[in-house]
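S.K.: Handing you this structure, nothing more for now.
Rule-based calculations on the coordinates, nothing more; no lab input. If you're wondering where the values come from, they're calculated on a predicted model, not measured in any experiment. Here the Cβ is made from the backbone with ideal geometry for all residues, glycine too, and neighbour counts use every protein chain on show.
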Amino acid sequence: MRDVITSVEAAEERRLWADYYEATARALEIMRTEGTAVGSLPRIVEEDAKAAVAIKRIKEIRGIKT
């Protein structure tokens, strides 16, 4: 794991955390208001995929191997 990252990477990481939290919140809101019916699943999956992309990049920046 990297302890030191560049200022550009730090800014990107902050944006990625925001993307992650927003996508997660949207997915949870869809589930809360609409449930997990067939019609809402594609949107839930789409938000989950956005969150996954953000976490993957955060791990790359931090040098975390999975």
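S.K.: Along the charge dipole of segment 7-62, pointing to its positive end and built from +1/-1 on Cβ of Lys, Arg, Asp and Glu, which listed residue (Thr36, Val8, Ala25) has its Cα farthest out?
M.R.: In segment 7-62, that residue is Val8.
S.K.: Another question, then. Which residue, Glu13, Glu47, Glu29, has the most motion in a Gaussian network model of the chain that connects Cα atoms within less than 10 Å?
M.R.: Glu29
S.K.: Now a separate question. How far apart, in nm, are two points set 7 Å out from the Cα along the Cα-to-Cβ line at Thr66 and at Val4?
M.R.: Between Thr66 and Val4, the label points sit 2.8 nm apart.
S.K.: For the chain, set up a Gaussian network in which alpha carbons nearer than 10 Å are linked by springs, and say which option among Ala23, Ala51, Ala11 fluctuates the most.
M.R.: Ala11
S.K.: Right, another one. Can you tell me the orientation of helix 41-62 relative to the chain, as the angle in degrees between its alpha-carbon axis and the longest Cα principal axis, to the nearest 10?
M.R.: The helix 41-62 is inclined about 10 degrees to the chain.
S.K.: Quick check: net charge around Met1, other residues with Cβ under 14 Å of its Cβ, Lys/Arg +1 and Asp/Glu -1?
M.R.: So the environment of Met1 carries a net charge of 0.
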